[in-house]
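The values are calculated or read from the model by the stated rules, or taken from the named source; none is laboratory data. Predicted model, so just to flag it, every value in this text is computed and none were measured. Methodologically, a virtual Cβ is constructed for each residue, glycine included, from the backbone with ideal geometry; neighbour enumeration extends over all protein chains shown. What goes into the accessible areas is simple: the full protein's heavy atoms, side chains included, and nothing from ligands, DNA or RNA. Shrake-Rupley method; radii C 1.70, N 1.55, O 1.52, S 1.80 Å.
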Protein chains: 2
Amino acid sequence: MERQAYLVRAVEGPTVADIGERALIERIRSRLPPPPAWVVVGIGDDAAVVEPERNRLDVVTTDASVEGVHFERRYSAPFDVGWKALAVNLSDLAAMGSAPRAAVLSLAVPDGLGLAACDRLVRGFVDLAGRHRVALIGGNISRSPGPLFIDVTATGTVHRRRILRRAGAQPGDALFVSGEVGAAAAGLSFLRTERARTAPEEDWANEADVPGDPLLAACVERFRRPEPRVRLGVMLGRNGAASACIDLSDGLAAAIRQLADASDVGAVLDAGRLPVAAGAEIWFRQTGRDPLRETLSGGEDYELLITVSSRMARRCDAIARKAGVPLRRIGTITADRRLRVVRDGIEEPLPEGFTHF
Amino acid sequence: MERQAYLVRAVEGPTVADIGERALIERIRSRLPPPPAWVVVGIGDDAAVVEPERNRLDVVTTDASVEGVHFERRYSAPFDVGWKALAVNLSDLAAMGSAPRAAVLSLAVPDGLGLAACDRLVRGFVDLAGRHRVALIGGNISRSPGPLFIDVTATGTVHRRRILRRAGAQPGDALFVSGEVGAAAAGLSFLRTERARTAPEEDWANEADVPGDPLLAACVERFRRPEPRVRLGVMLGRNGAASACIDLSDGLAAAIRQLADASDVGAVLDAGRLPVAAGAEIWFRQTGRDPLRETLSGGEDYELLITVSSRMARRCDAIARKAGVPLRRIGTITADRRLRVVRDGIEEPLPEGFTHF
């Protein structure tokens with residue numbers, strides 16, 4: 001198979017192809033903390049064996065990060081790519097109300113990938129895993145004749161009655177979103193504008209290299225290393241306040257559409273209430289774009305979108321305080337299946353969301 | 001990112017890029033049988049939720065199939081690729097003594113992949129899943145700017161005392177292998193010789209197109225659609241006969257090496273006892289190669305290699321009969337850590353195994 005140009009470029013130091021799969025696995029294993037007691041067999045056998053707690057369910061999710069589709073080297077450092085590959089999976093578990101527990105990591109690496117980059121990628125993964133006490137229990141490493149592929153499957157536990165689903169929203173429920181939105185899209189837009197001409201696509205971004213403006217820097221950080229709302233998701237599940245929940249991987253508009261589809265309802269969004277990140281507001285205005293439209297369509301904020309019945313709405317404040325993440329009401333679920341956004345008293349249809357296809 | 005030539009070729013009929021991720025997921029879901037009762041939340045939410053049986057452990061494995069590394073279109077039909085992507089994972093579970101239960105499927109597909117090919121790939125996966133009652137509980141589909149990537153994570157259950165591990169072989173234990181070896185390597189070698197010049201690499205092999213010679217046809221089939229030894233693995237776990245177990249993914253030599261490393265022992269292999277597939281014996285001789293060496297180094301037979309103490313050796317016959325798969329004694333575990341093969345009374349070191357790096 002013909003190699004792409006970026007596979008044969010010179011790298012400094014040894015490459016992953018120099019040391020081989022088993023040494024690479026040993027390298028990863030040596031960077032991990034000792035596994036928790038519920039890991040009966042960890043990395044290094046044909047498969048991992050775990051023992052879930054009694055009376056709890058296992059939640060399983062998988063999400064791939066593909067170079068050229070989900071990330072580009074010139075916009076993200078290897079650390080960021082490893083972090084984010086796990087973060088997107090933890091975000092999915094959080095959206096189910098599930099506490100994360102274990103992950104398996106499948107890497108397909110181009111021969112020319114520097115070993116230092118590979119190590120930093122693993123470090124990013126392990127760093128985020130450590131923050132949420134997720135055990136890396138197994139994985140797979142193979143060559144890639146094309147781009148770098150990172151596929152993560154994560155499992156978590158949840159009580160049966162505490163599962164948060166996309167289905168369940170009822171007409172009259174309030175729509176809440178956690179944290180801020182638009183930041184990741186603004187961060188990526190900034191990187192595309194500022195870096196596209198200067199940085200060659202085969203060179204990795206530097207972890208430490210962020211914009212001088214702190215508001216914009218926060219957007220770039222959100223894009224590179226999103227914070228999955230693990231604690232908030234688990235608390236929402238326990239608390240029983242949310243009638244439905246989804247994470248913002250493909251953007252707010254796509255999330256509302258998917259939640260509404262699954263629940264067989266519609267929604268009206270109040271544009272004025274959207275917690276658009278300050279840096280995003282500034283960046284989109286500065287570059288002549290509509291912050292609302294960019295925020296609705298832009299993806300990768302990894303916040304949680306929930307629906308809450310009127311009698312449960314008060315609980316949201318308490319949860320937000322405990323979880324340390326704001327929850328803001330941004331709209332209402334309707335029996336009318338249309339999806340609308342109201343801005344300055346004028347109603348328009350919700351734009352399409354972001355898609356990787 | 002520069003596209004490779006095979007991504008922009010014309011395909012007949014619609015491509016996966018024409019219908020998008022959500023329609024593709026719906027297409028996969030529509031091809032599945034109704035999920036079993038222990039799947040609490042299946043495909044279509046942020047994550048899947050399963051309820052394992054009480055007093056059983058969860059076994060988790062992940063294995064990727066990368067175009068150009070693990071398969072090539074001209075040697076495998078799409079059905080075969082889907083089948084094998086799951087088979088290699090079920091083989092890992094079998095090697096742990098674990099009954100498979102559920103799988104998640106992560107696909108990264110080039111834009112130019114025909115929808116018909118994608119459907120047949122899913123059909124191959126679902127066909128094998130049905131044979132072993134494995135539920136497809138979730139997954140992920142994204143674009144690939146390079147080759148086709150298929151990553152599967154499979155889970156199974158096992159009782160704590162029935163786990164088969166790579167570690168555990170003792171000096172004096174007998175080394176057994178299931179079924180036949182060398183067939184997959186011969187099948188691939190045949191395809192490479194016969195097809196490499198005639199079939200363009202971007203065209204998929206035809207499922208029905210097999211060699212006229214039935215012995216060789218069996219080798220090609222073994223390469224394309226290996227039979228994971230699920231029943232045998234579970235029975236070996238239950239029976240307690242095996243002191244260690246590993247599957248033959250990277251070949252017999254590599255498996256012996258890994259099992260011996262994990263168990264801190266050596267091994268002597270008796271070349272005369274190896275159950276080399278008849279088609280492989282003929283093909284390798286016919287093409288001037290050493291069947292023994294090719295069989296030891298060649299991968300992808302997905303048989304099980306086990307070690308058995310002398311007092312347990314008799315149980316193997318009963319298990320083999322019940323599982324419908326032969327188990328043949330091929331050597332002995334030694335305290336001497338060297339790995340040797342004896343042929344016609346002459347001892348030589350075990351060759352290196354097959355590696356994807």
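Structure notes:
- Each Lys and Arg adds +1 at its Cβ and each Asp and Glu adds -1 at its Cβ; summed about the Cα centre, the range A:255-357 shows a dipole of about 520 debye.
- Annotation: Cα Rg of chain A relative to the compact-globule expectation 2.2 N^0.38 Å equals 1.02.
- Chain A residue nearest the axis that carries A onto B, by Cβ, with distance in whole Å, is A:Gly146, 1.
- Amide H contacts for A:Ala99 (H built 1.01 Å from N in the peptide plane; partners 5 or more residues away or on another chain; cut-off under 5 Å): A:Thr157.
- Dipole magnitude for the range A:191-324: about 780 debye, using +1 per Lys or Arg Cβ and -1 per Asp or Glu Cβ, origin at the Cα centre.
- What the phi angles of the range B:290-300 give under the Karplus curve with 6.51, -1.76 and 1.60, with θ = phi - 60°, is a coupling list of 7, x, 4, 4, 5, 5, 5, 8, x, x, 6 Hz, glycine and proline written as x.
- Dipole of the protein assembly as shown, positive end: most advanced residue of B:Pro349, B:Val210, A:Gly112 [Cβ charges, Cα centre]: B:Pro349
- Vicinal HN-Hα couplings computed from phi for the range A:105-119 (Karplus, 6.51 cos²θ - 1.76 cosθ + 1.60; Hz; Gly/Pro x): 10, 10, 10, 10, 10, x, 3, x, 5, x, 5, 4, 5, 4, 4
- For A:Ser309, the solvent-accessible surface with a 1.4 Å probe is about 30 Å², rounded to the nearest 10.
- Across the identical copies, how the A:Arg29 labels are spaced - nm, sorted shortest first, 7 Å along Cα→Cβ: 4.0
- Among B:Asp46, A:Asp203, the order of accessible area from largest down is A:Asp203, B:Asp46, computed with a 1.4 Å probe on protein heavy atoms.
- B:Arg27/B:Asp209 FRET efficiency (R0 22 Å; Cβ-Cβ; nearest 0.05): 0.25
- Taken as Cα centroids, the range A:245-324 and the range B:216-277 sit 52 Å apart, rounded to the nearest whole angstrom.
- List B:Ser310, B:Ser178, ordered by accessible area with a 1.4 Å probe, largest first: B:Ser310, B:Ser178
- Think of chain B as having a plus end and a minus end, set by charges on the Cβ of Lys, Arg, Asp and Glu; of B:Ala17, B:Val158, B:Ala103, B:Val158 sits farthest toward the positive end of this dipole.
- Phi to ³J(HN,Hα) by Karplus 6.51 cos²θ - 1.76 cosθ + 1.60 over the range A:304-311, Hz, x for Gly, Pro: 9, 10, 10, 10, 9, 6, 4, 6
- Charge dipole (the range A:256-322, unit charges on Cβ, about Cα centre) - positive-most of A:Gly298, A:Val268, A:Ala313: A:Ala313
- With Cα atoms, 0 to 90° folded angle of helix B:252-263 axis to chain B main axis: 70
- Chain B, dipole about Cα centre (Lys/Arg Cβ +1, Asp/Glu Cβ -1), debye to the nearest 20: 1440
- Close amide H pairs (under 5 Å, H built 1.01 Å from N) link B:Val181 with B:Val276, B:Ala277, residues at least 5 positions away or on another chain.
- Cα-based helix-to-principal-axis angle, B:16-30 vs chain B, degrees rounded to 10: 60
- The distance linking the range A:32-97 with the range B:165-201 is 31 Å (Cα centroid to Cα centroid, whole angstrom).
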